[in-house]
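See below for the structure under consideration.
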Amino acid sequence: MNMEAHNDAVASISERLRQFYERRQPFRVYHGSTNSTRAAAKNRDNTVDTSKLNHVLEIDNVKKTALVEPNVPMDALVNATVSNGLVPLVVMEFPGITVGGGFSGSAGESSSCRHGPFDSTINWIEIVLPNGEIARASKTEKPDLFWGAASAFGTLGIVTLLEVQLRDAKDFVELTHYPIGSVQDASKKIQEEVANPATEFVDAIAFSSTSAVVCSGRLVDAAPTGSKPRHYLRRQDPWFYLDVQKRIRKTKQPIVDYVPLVDYLFRWDRGGFWVARYAYKYFFTPFNRITRYVLDTYMHARVMYHALHKSGLTDTYVIQDVGVPYPAVDEFHRWVDQTLNIYPIWLCPIRVHRDAPDSAHGLHADFADPEGPEFMLNFGIWGPGPQDYKELVRLNREIEQKVHELGGKKTLYAQAYYTEEEFWQTYNQPAYDAVRSKYHASHLPSVYDKVKVDENAKRSAVEDSRMPRALRHVRPFQGLYGVYKAWRGGDYLLRAKTKKKTDVSEALPKQDSQASQ
């Protein structure tokens with residue numbers, strides 16, 4: 001797609017939104033994919049289709065920027081930029097997460113200790129406002145709209161174009177694994193690594209209350225002579241967390257690996273961190289190298305998310321990403337350990353403070369407060385929950401309340417169980433509503449409306465299911481239905497098709513490449 005075709009597509013979206021606005025009718029957006037775990041009710045009459053906005057329009061090697069449409073997934077963006085010797089400042093961990101999803105949702109990864117959430121690495125956006133107006137916003141031009149749209153989940157309009165900041169890429173990440181005892185000690189080590197200016201990536205895995213590993217990385221041009229690169233993207237490769245866990249058991253000394261850049265960026269894709277391990281247990285399947293090899297196609301995040309949606313199994317799992325300030329880490333982890341006892345846990349430091357001078361806008365306006373925390377440590381807590389739905393809701397609500405009590409924030413891609421009053425005690429309603437009012441969005445559903453548990457959508461999903469009623473909620477038939485729907489919907493073949501077109505696992509920086517259109 002060239003810029004002319006892009007403008008035509010945006011004009012069509014603008015006209016559709018203008019029609020909705022005349023009737024003050026709310027709408028939903030069909031992106032073509034999702035990494036959310038929430039149910040949503042969509043139909044043709046209330047939906048704007050933006051799925052064709054999925055192109056990288058330009059790579060500027062001089063400015064080190066990429067002009068990207070919102071439905072470009074991470075693997076396509078990385079492939080386009082790395083082929084030009086560049087890489088985004090923050091790359092979300094799953095290949096299918098889109099640029100627009102990272103901006104309009106909330107997203108961070110191991111480089112967020114340096115660059116902040118993904119939205120902080122965007123220079124400017126093009127957005128179609130609810131009244132059909134096409135606007136451009138940046139950190140200096142309409143900054144209220146820019147920061148208001150960040151993490152707004154589409155409730156201020158439809159983002160149709162983004163300029164993404166890039167940096168020079170290198171062939172490898174030198175990744176040092178530090179075996180650690182407690183989460184408290186891991187937090188201290190994380191802070192030490194973040195304080196080291198040479199460090200570019202930091203995250204950690206807590207395998208138990210007494211065993212963790214901090215993974216600290218930096219870009220390097222080549223692996224030392226004689227060293228063997230660690231690969232994580234091929235069918236025959238180990239899952240990242242299993243490889244690290246196995247090797248740190250044998251030593252208390254740091255382990256240094258050289259991981260090809262793209263393998264590092266998407267190291268969590270196979271197995272979806274470790275969540276896919278629970279699928280083996282659910283389906284009464286042995287969990288070993290052979291079964292992981294045979295079932296590899298189903299173990300990638302794209303397929304897993306689709307299957308989770310269609311099966312409804314998210315209602316039996318705790319799926320939460322929450323961040324707390326460093327001083328609260330020890331207390332929060334003790335609470336998680338005693339209340340949930342779910343391991344492994346992902347730990348990722350995110351620099352949440354906004355440096356831009358006029359950035360106190362939108363849902364996270366508090367991130368501009370000079371008195372607020374500079375960093376939060378994200379806890380990725382994903383695992384089986386109570387089979388009783390009411391008990392699962394109670395447990396999730398306890399997580400939300402504990403995080404609020406400790407001055408933390410929850411990432412809203414997962415299900416939210418807050419009451420509306422509780423939600424707005426955590427997020428900045430006055431700053432959010434002010435932007436919505438100014439830019440003609442007050443009639444649209446709010447962020448709370450978008451992220452809260454939608455019981456009606458759940459019921460509709462169950463009623464629309466073609467699965468026999470007698471087999472619904474019956475193990476393993478419920479899960480098999482989700483896998484079937486993922487296969488039938490094409491997610492089963494998506495990775496193979498993408499690999500045929502451009503194999504990002506083998507793409508290496510080409511420093512003399514020219515900008516591509």
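Could you order R167, R24 by accessible surface area, starting with the largest, using a probe radius of 1.4 Å?
Largest accessible area first, the residues go R24, R167.
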In whole Hz, what ³J(HN,Hα) sequence does the stretch 291-296 give by Karplus (6.51, -1.76, 1.60; θ = phi - 60°), x for Gly and Pro? 5, 5, 5, 5, 9, 4
N7-T140 FRET efficiency (beta carbon distance; Förster radius 25 Å; 0.05 resolution): 0.60
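Sorted by average packing, counted as other Cβ atoms within 10 angstrom per residue and highest first, what order do 368-380, 386-398 take? Mind dumping the intermediate values first?
Working: 368-380: 18.0, 386-398: 13.8.
Most protected by this proxy first, the peptides run 368-380, 386-398.
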Extension length gain for E398 and K252 (0.36 nm per residue less Cα distance), in nm, is 49.0 nm
Expressed in angstrom and rounded, the centroid-to-centroid distance over alpha carbons for the stretch 166-237 and the stretch 339-379 is 21
Given H placed on each backbone N at 1.01 Å, which residues far from L57 in sequence or on other chains put an amide H within less than 5 Å of it? L67, V68, E69
Charges only on Cβ, +1 for Lys and Arg, -1 for Asp and Glu: so what's the dipole of the stretch 265-365 about the Cα centre, in debye to the nearest 20? 560
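Tell me whether the stretch 248-303 comes out rounded, prolate or oblate; compute the Cα gyration tensor, take square roots of the eigenvalues as a ≥ b ≥ c, and use a/c under 1.5 as the rounded threshold.
Details: a/c = 2.53, a/b = 1.47, b/c = 1.71.
Since a/c reaches 1.5 but b/c is at least a/b, the shape of the stretch 248-303 is classed as oblate.
Just to verify a number: FRET efficiency for Q236 and Q19, C-beta to C-beta distance, R0 = 41 Å, to 0.05? Numbers along the way, then the final one.
Working: r = 52 Å, r/R0 = 1.28.
Given R0 = 41 Å and the Cβ-Cβ separation, E is 0.20.
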Among L340, P370, H353, the residue whose Cα sits farthest towards the positive end of the charge dipole of the stretch 317-409 (+1 at Cβ of Lys and Arg, -1 at Cβ of Asp and Glu, taken about the Cα centre) is L340
Applied in sequence order to the stretch 340-350, the curve 6.51 cos²θ - 1.76 cosθ + 1.60 (Karplus, θ = phi - 60°) yields integer Hz couplings, x standing for Gly and Pro, of 10, 6, 9, 9, x, 10, 8, 10, 9, x, 10
Net charge, S359 excluded, C-beta distance under 11 Å - Lys, Arg +1, Asp, Glu -1: -4
Distance between the stretch 50-104 and the stretch 239-313 - C-alpha centres, whole angstrom: 24
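Taking only C-alpha pairs under 8 Å that are 6+ residues apart, what is the relative contact order of the stretch 119-215 in percent? Show your work: numbers first, answer last.
On the way: 130 pairs, mean separation 23.1, N = 97.
In percent, rounded to a whole number, it is 24.
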For the stretch 124-237, build the charge dipole from Cβ charges (+1 Lys, Arg; -1 Asp, Glu) around the Cα centre, then report which of T140, A206, V194 sits farthest towards its positive end. A206
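Which order do the peptides 357-367, 236-246, 287-297 take when ranked by the mean count of other beta-carbon atoms within 10 Å per residue, highest first?
Highest to lowest by the protection proxy: 357-367, 236-246, 287-297.
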Which of K410/K438; K63/K139; K170/K246; K189/K402 have a Cα-Cα distance over 22 Å? K410/K438; K170/K246; K189/K402
Let's see if you can work this out: charge +1 on each Lys and Arg Cβ, -1 on each Asp and Glu Cβ, no other charges. What is the dipole magnitude of the stretch 1-152 about its Cα centre, in debye to the nearest 20? 380
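The values are calculated or read from the model by the stated rules, or taken from the named source; none is laboratory data. Since this is a predicted model, take the numbers as computed values, not measurements. Cβ atoms come from the backbone with ideal geometry, glycine included; neighbour counts cover every protein chain shown. Calculation scope for accessible area: heavy atoms of the full protein, side chains included, ligands and nucleic acids excluded. Shrake-Rupley method; radii C 1.70, N 1.55, O 1.52, S 1.80 Å.
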